Amino acid sequence: MKHKITFLPDNVTIDVEHGTSLFKATKAAGVYVLSSCGGKGNCGKCKVVVKSGAVEPGKSASYLTKEEAERGYALACHSHVESDLVVEIPPESRMQAKHKIATGANTDALIKLMREAGGCLDSRMMRVYMELKAPTLDDNISDFERIRRALDDRGFDADHMHMNHVILKKLAHVLREANWKITLSLFSTGDVTEVLDIYGGDTTKKRFGAAVDIGTTTIVVYLVDMKNGQIVGTASSYNAQVKCGDDVITRIVYATEKNGLQELQDLAVGNITAMLTELANKNAISPTMIDYIVVAGNTTMNHLFYGINPQFIREEPYIPTAAFLPLIRGKNVGLGIDPQAVVYAMPNVASYVGGDITAGVLVSQMHKQDQVSLFIDVGTNGEMVLGNREWLVTAACSAGPAFEGSGIKFGMRAMEGAIEEVEINPRTFEVNYRVIGDTKPIGICGSGMIDALAEMYLTGVIDQKGKIREEIKSKRIRRGESGLEYVLAWRVESSINKEIVLTEVDLDNLIRAKAAIYAGFATLLGHMGMGFGDVDKIFIAGGFGRYIDVERAVTIGMLPDLPVEKFQFLGNTSIMGAYYALLCDRLRHEAEDIARKMTYVELSVSRNFMDEYMSALFLPHTNLDAFPTVKKEMTRAKTWYPHEE
């Protein structure tokens, strides 16, 4: 028996079998609903409202408040269809699925940085126009040899020229239809020059490539004019894989235990194809003119993009299938552009340190400096690299996706409606906040969580363990269904008809996440017999890193208490490094040297890491002397709240 489901506000209708879970139905309908756990039923994020019809709710009730249950809320993953339905995806459960297209980027600044890093416009992808002499009875060599001879005359090593079967099949027709005036798309790999494609006429002025950052949460694409390095357009989108889980572990589980490898690959490839196609169309470019793509992502994202089973990345001893992934053609993964386009992946280092970090080190140039630097990329994982021109060590800590919204009652990604800044009055405990998009809030994102945690600590709302002080006389401190909570936004202020709160469970999850990040830094330094005082520069990368308030991150003990001038934000170094490697073959080689040079330290089996982690499970740390700035700020703050006396 089949039932009809209409999803609001998308107004998408789909027929499904009786007993199908609403979560599977949303995926089949192409409707996005948040799910940190990938549909395993243990995150409580995929809340929907059943407007009409009947579902078998399963264990939904254990994740819903009494009020939500009365209003028809259910968990999509636990609810199974029993009749025709009208289902609303409420604002707090929606994900902005549409990609954002922009016109170019600050190319001049990026090219300047690339040149400062020793780069130049010297890609291993090139186009060569040539006017060949037509064959005669006296000059009767084959078409293939005629191409080889012309390349030899141009100074290419024609003895090492390669042309695949696809190009060879159309060679004769293209040569004659173009009256022997053709353009060759050539790709250099080692000593071999490969003919990627052949075009009639002169198409040397139309060469395009793409740099792609395949993030766990977001995918970013640059469409690049390979003649001058100009970024023709940029696009970004939430990685559609998030519907299968928030972090790499849940995606590995989805790929292996739920046989979802092909689905995960298709989702990422579909994102990239859609963005490249729209960028090309907007700029009156045929997608077939995009013939070189450099992707950067963590090790799991690279495996999923290539369609390689990532199962053993999460099983001890945590080994990826490959660190240096082979060159492939766009058609091998299903990219909807030139099927002969070459795809290159920035080299990985280990199971949890991928090409995105290699790209970041390349951009930071820390591997060329005498001073010791610490590079960090905080996202759903916390990856870090320590070193200088002589040595590089790297590690990754499983911080969990708390700062991406997972495990936080009203947590969400940095999108419209997210509280991103928080300020608490130390006398009245009233809240001022700023919301992305200047609209009513629907939740709180990572930067807002850091702010809120720091402000709650400094104003005495919570103690060093993150426990809410119930004795404080404020209407914002109350006991909810899951224990004590602090109200950030009242019902009338929000757009979800609910109070937005931080619970003690939320605070505990945030403290665990920040503790893991700090412990990772400390353990890596300890591994080299060093301390934070030995670090001259800290580079912060990643989309989330761009929004971190360093002083607030220090207050909660996520970052070390060092002078602010030692911190430098680099932005999305993953896409920047991919851009460098796309345009400059010298920097691509440099990235490969960086990956080979890095020594990986496995923190998951480190006793020192666990010791550091346990010490960091306080605000800001058990050793307050390691945070003199915070200690001084706390002393000053106590003059504001006499309840602490």
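The values are calculated or read from the model by the stated rules, or taken from the named source; none is laboratory data. Since this is a predicted model, take the numbers as computed values, not measurements. So basically every Cβ, Gly included, is an ideal-geometry build from the backbone, and we count neighbours across all protein chains shown.
Inspect all residues belonging to region 69-80 and state whether any of them is outside the structural domain of PHE7 (by TED's automatic domain parsing), at pLDDT 85 or above and either among the basic types (Lys, Arg) or part of a strand (DSSP E or B) (or both). First the steps, then the outcome.
Taking region 69-80 first, the residues outside the structural domain of PHE7 (by TED's automatic domain parsing) are none.
No - not one qualifying residue is present in region 69-80.
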Would you check if there is a residue in region 176-196 being surrounded by fewer than 22 Cβ atoms within 10 Å (Cβ to Cβ), of a type outside the set (A, V, I, L, M, F, W, C) and assigned to a helix (DSSP H, G or I)?
-> yes
Six or more apart or on different chains, Cβ under 6 Å: which pairs go from a residue in region 489-514 that's touching a residue at least 12 places away in the same chain (Cβ under 8 Å) to one that's of a type in the set (Asp, Glu) and part of a helix (DSSP H, G or I)? Could you list them?
-> ILE496/GLU92
Counting only residues that are of a type in the set (Lys, Arg) and within 21 Å of ARG478 (Cβ to Cβ), region 409-439 contains a total of 2
Would you mention how many residues in region 270-288 are surrounded by fewer than 21 Cβ atoms within 10 Å (Cβ to Cβ) and either of a type in the set (D, E, K, R) or under 23 Å from the mean Cα position of the chain (by Cα) (or both)?
-> 6
Across (1) of a type in the set (D, E, K, R); (2) within 46 Å of the chain's Cα centre (by Cα); (3) assigned to a loop (DSSP other than H, G, I, E, B), LYS133 clears everything bar (2)
Please state which one of THR299, THR288, THR321 is farther than 19 Å from ASP213 by Cβ and touching a strand residue (DSSP E or B) at 6+ places or on another chain (Cβ under 9 Å).
-> THR288
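Scanning region 604-638 for residues that are part of a helix (DSSP H, G or I) and basic (Lys, Arg), which turns out farthest from LEU510 (Cα to Cα)? If you could, list the steps in order and put the result at the bottom.
As a first pass, look at region 604-638 and keep what is part of a helix (DSSP H, G or I): 604-605, 607-615, 624-626, 628-637.
Filter once more, so that each one left must be basic (Lys, Arg): 607, 631-632, 636.
Working: ARG607: 22, LYS631: 21, LYS632: 23, ARG636: 25 Å.
If we take residues in region 604-638 being part of a helix (DSSP H, G or I) and basic (Lys, Arg), then ARG636 is farthest from LEU510 (Cα to Cα).
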Is it true that LEU392 is under 17 Å from VAL601 (Cβ atoms), at pLDDT 95 or above, surrounded by fewer than 23 Cβ atoms within 10 Å (Cβ to Cβ) and assigned by TED's automatic domain parsing to the domain that holds LYS537?
-> yes
Here the qualifying pairs (Cβ atoms under 7 Å; residues six or more apart or on different chains; first in region 245-267 and assigned by TED's automatic domain parsing to the domain that holds GLY41; second of a type outside the set (A, V, I, L, M) and at pLDDT 95 or above) come out as none
What is the residue count in region 519-574 for residues that are farther than 16 Å from TYR613 by Cα, in a loop (DSSP other than H, G, I, E, B) and in contact (Cβ under 8 Å) with a residue 12 or more places away in the chain?
-> 12
Among residues of region 435-469 being more than 24 Å from the chain's Cα centre (by Cα) and part of a strand (DSSP E or B), the residue farthest from PHE618 (Cα to Cα) is ILE468
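Do we have ASN283 as among the polar types (S, T, N, Q), farther than 26 Å from ASP377 by Cβ and in the same structural domain as VAL212 (by TED's automatic domain parsing) here?
It is true that ASN283 is among the polar types (S, T, N, Q), farther than 26 Å from ASP377 by Cβ and in the same structural domain as VAL212 (by TED's automatic domain parsing).
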Looking only at region 411-440, which residues are at pLDDT below 95, surrounded by 20 or more Cβ atoms within 10 Å (Cβ to Cβ) and in contact with a Leu (Cβ under 8 Å, 6 or more places away or on another chain)?
-> MET412
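Could you say which residue among SER406, SER351, SER447, SER373 is surrounded by fewer than 24 Cβ atoms within 10 Å (Cβ to Cβ) and touching a residue at least 12 places away in the same chain (Cβ under 8 Å)? Before you say what the answer is, go through the steps one by one.
On the way: SER406 fails: surrounded by fewer than 24 Cβ atoms within 10 Å (Cβ to Cβ); SER351 fails: surrounded by fewer than 24 Cβ atoms within 10 Å (Cβ to Cβ); SER447 fails: surrounded by fewer than 24 Cβ atoms within 10 Å (Cβ to Cβ).
After ruling out the rest, the residue left standing is SER373.
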Does LEU325 satisfy being out of contact with any Leu (no Cβ under 8 Å at 6 or more places or on another chain), outside the structural domain of ILE517 (by TED's automatic domain parsing) and surrounded by 19 or more Cβ atoms within 10 Å (Cβ to Cβ)?
-> yes
Answer yes or no as to whether ILE293 is aliphatic (A, V, I, L, M), in contact (Cβ under 8 Å) with a residue 12 or more places away in the chain and in a loop (DSSP other than H, G, I, E, B).
-> no
From the list THR203, THR250, which residue is of a type in the set (Ser, Thr, Tyr) and not in a helix (DSSP H, G or I)?
-> THR203
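Picking from ASP139, ASP143, ASP108, which residue would you name as being touching a residue at least 12 places away in the same chain (Cβ under 8 Å) and either touching a Cys at 6+ places or on another chain (Cβ under 9 Å) or of a type outside the set (Gly, Ala, Ser) (or both)? Steps first, answer last, please.
Values: ASP139 fails: touching a residue at least 12 places away in the same chain (Cβ under 8 Å); ASP108 fails: touching a residue at least 12 places away in the same chain (Cβ under 8 Å).
One residue alone meets the criteria, ASP143.
Scan region 395-434 for residues that are within 17 Å of the chain's Cα centre (by Cα), of a type in the set (A, V, I, L, M, F, W, C) and assigned to a loop (DSSP other than H, G, I, E, B) and jot them down. Break it down stepwise before answering.
Within region 395-434, the first condition is being within 17 Å of the chain's Cα centre (by Cα), and the residues that meet it are 396-406, 412-415.
From what's left, of a type in the set (A, V, I, L, M, F, W, C): 396-397, 399, 402-403, 412, 414-415.
Those that are within 17 Å of the chain's Cα centre (by Cα), of a type in the set (A, V, I, L, M, F, W, C) and assigned to a loop (DSSP other than H, G, I, E, B): ALA399, MET412, ALA414, MET415.
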